[in-house]
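Asks: Dropping a structure here in structure tokens format, bear with me for questions.
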Amino acid sequence: KVKESGKNDCLLYSESWSNSSLERLTLQHEMYRAIQRNEFILHYQPQYDLDSGAMVGVEALVRWNHPLRGMIPPGSFIPLAEESGMIVQIGDWVLEEACRQNKAWQDAGLPPIPVSVNLSIRQFVQNDDLASKVSAVLQKTGLEAKYLDLEITESMTMDVGHVSRCLLALTDLGVNISVDDFGTGYSSFHYLKNFPIDRLKIDRSFVRDIQQDPSDAEIVAAIIAMAHNLNIQVIAEGVENEEQMAFLRKHNCDEMQGYFWSPPVTSANIEEMLAPGAA
Ligand code: C2E
Ligand code: MG
Ligand code: MG
Ligand code: MG
């Protein structure tokens with residue numbers, strides 16, 4: 001059975017891969033080398049304010065520029081990296097590279113915006129002190145904490161007390177915390193109640209059918225209203241057309257991210273988009 005990742009694709013992490021331990025080992029080994037060989041690369045997807053239309057942030061999304069297989073999307077290797085624990089090393093690299101790049105944009109005179117970095121739950125578990133690590137990366141790259149946003153996803157297998165302490169320490173640093181893929185996990189409300197959350201990201205599976213499915217429309221409207229009552233900002237993921245954007249605007253959603261305004265692009269593209277006078 002193909003692993004249901006719920007993401008874009010499962011090019012490598014498919015039936016054949018998951019059934020062949022040799023293939024999996026090969027990929028894991030290649031992944032290990034990939035860190036040393038600098039084969040990972042970050043693309044960035046802009047996030048926009050729904051009122052002003054201004055670009056107010058970017059999300060860093062990792063890709064694997066494999067020498068033989070070409071550009072591999074995260075859905076095809078993150079699950080394996082999570083399983084093997086390699087996600088911790090990859091995640092460390094992503095964090096530092098995203099902070100370094102964001103500081104470089106600022107140093108180039110571009111308007112400062114936060115960069116969002118996806119965290120795997122394993123990064124909380126395997127680092128006994130994630131906040132110290134993040135603090136060290138901020139120090140090393142010179143990025144101010146307020147320009148870093150960390151995205152966490154819901155997971156069944158986590159120690160709520162430990163994660164909650166980590167998140168509080170991160171909040172103390174001044175880093176922003178977002179809940180990713182909100183609504184798809186196993187206890188979304190638990191997160192809101194127990195964790196210091198600044199923003200939630202409505203999963204694109206709810207946004208997709210906003211116009212056709214009245215219950216999705218109700219759910220999205222309710223999530224926005226509830227979040228605002230809790231003083232939490234809301235960004236909608238996967239916005240692909242004008243109608244979805246109009247709906248979100250009407251219901252006072254704060255921000256949006258999606259192909260309608262921009263897919264993930266290279267750092268050079270972001271630079272152009274941020275440059276003064278850019279449309
Ligand atoms: P995510 O964090 O929910 O990221 C959003 C994904 O949705 C991205 O896929 C993005 O390209 C895609 N997307 C954005 N707008 C649209 C749209 O309008 N329509 C559709 N159909 N898709 C849209 P991507 O880049 O393939 O990343 C997939 C997932 O891989 C991410 O989902 C995230 O969970 C994971 N991921 C990516 N980079 C990292 C990383 O550095 N660390 C960890 N732990 N996970 C990562
Ligand atoms: Mg994300
Ligand atoms: Mg997401
Ligand atoms: Mg998603």
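The values are calculated or read from the model by the stated rules, or taken from the named source; none is laboratory data. All values reported here derive from a predicted model rather than from experimental measurement. Cβ sites come from the backbone with ideal geometry, for glycine too, and all protein chains shown count toward neighbours.
Asks: Test Ala108 against the stated conditions and say whether it is closer than 27 Å to Met273 by Cα, small (Gly, Ala, Ser), crowded, with 20+ Cβ neighbours inside 10 Å and at pLDDT 95 or above.
Replies: no
Asks: So is Ser132 outside any loop (DSSP other than H, G, I, E, B) and in contact with a Gly (Cβ under 8 Å, 6 or more places away or on another chain) or not? Reasoning before the result, please.
Replies: On the way: outside any loop (DSSP other than H, G, I, E, B): yes; in contact with a Gly (Cβ under 8 Å, 6 or more places away or on another chain): no.
In short, no.
Asks: All but one of (1) within 11 Å of ligand 1 (Cβ to nearest atom); (2) within 21 Å of Glu151 (Cα to Cα); (3) in a helix (DSSP H, G or I) hold for Tyr259, so report the exception by its number.
Replies: So Tyr259 meets the others, but not (3).
Asks: Determine which member of the set Glu243, Glu237 is touching a residue at least 24 places away in the same chain (Cβ under 8 Å) and either over 22 Å from Asn176 (Cα atoms) or hydrophobic (A, V, I, L, M, F, W, C) (or both).
Replies: Glu243
Asks: Can you tell me how many residues within segment 52-68 are surrounded by fewer than 22 Cβ atoms within 10 Å (Cβ to Cβ) and in contact (Cβ under 8 Å) with a residue 40 or more places away in the chain? Give the steps one after another, and end with the answer.
Replies: The first filter runs over segment 52-68 and keeps only residues surrounded by fewer than 22 Cβ atoms within 10 Å (Cβ to Cβ), leaving 52-56, 61, 63, 65-68.
Remaining after also requiring in contact (Cβ under 8 Å) with a residue 40 or more places away in the chain: 55-56, 61.
The number of residues fulfilling the criteria is 3.
Asks: In segment 20-125, which strands (runs of 3 or more DSSP E) lie fully inside it and hold 3 or more residues that are in contact with a Pro (Cβ under 9 Å, 6 or more places away or on another chain)?
Replies: Once the strands (runs of 3 or more DSSP E) in segment 20-125 are filtered for at least 3 residues that are in contact with a Pro (Cβ under 9 Å, 6 or more places away or on another chain), what remains is 40-49, 55-66.
Asks: So which residues in segment 230-279 are within 16 Å of Ala60 (Cα to Cα), out of contact with any strand residue (DSSP E or B) (no Cβ under 7 Å at 6 or more places or on another chain) and of a type outside the set (S, T, N, Q)?
Replies: Gly238, Gly258, Tyr259, Ala268, Glu271
Asks: Can you work out which of the residues in segment 75-105 that are within 16 Å of ligand 3 (Cβ to nearest atom) and surrounded by fewer than 19 Cβ atoms within 10 Å (Cβ to Cβ) is nearest to the chain's Cα centre (by Cα)?
Replies: Among those that are within 16 Å of ligand 3 (Cβ to nearest atom) and surrounded by fewer than 19 Cβ atoms within 10 Å (Cβ to Cβ), it is Gly75.
Asks: Suppose we keep only residues that are touching a strand residue (DSSP E or B) at 6+ places or on another chain (Cβ under 8 Å), farther than 12 Å from Leu130 by Cβ and of a type in the set (A, V, I, L, M) within segment 144-191. Which one would you say is modelled with the lowest pLDDT?
Replies: Restricting to residues being touching a strand residue (DSSP E or B) at 6+ places or on another chain (Cβ under 8 Å), farther than 12 Å from Leu130 by Cβ and of a type in the set (A, V, I, L, M), the top hit is Val179.
Asks: For segment 151-215, please list each of the helices (runs of 4 or more DSSP H) lying entirely inside it that holds at least 1 residues being within 16 Å of ligand 4 (Cβ to nearest atom) and in contact (Cβ under 8 Å) with a residue 60 or more places away in the chain.
Replies: 204-208
Asks: Answer yes or no: is there a residue in segment 226-239 that is within 15 Å of ligand 2 (Cβ to nearest atom), buried (at least 21 other Cβ atoms within 10 Å of the Cβ) and among the small types (Gly, Ala, Ser).
Replies: The answer is yes; a qualifying residue exists.
Asks: I'm told Ile219 meets every condition in (1) in a loop (DSSP other than H, G, I, E, B); (2) surrounded by 13 or more Cβ atoms within 10 Å (Cβ to Cβ) except one. Can you identify the failing condition by its number?
Replies: The failed condition is (1).
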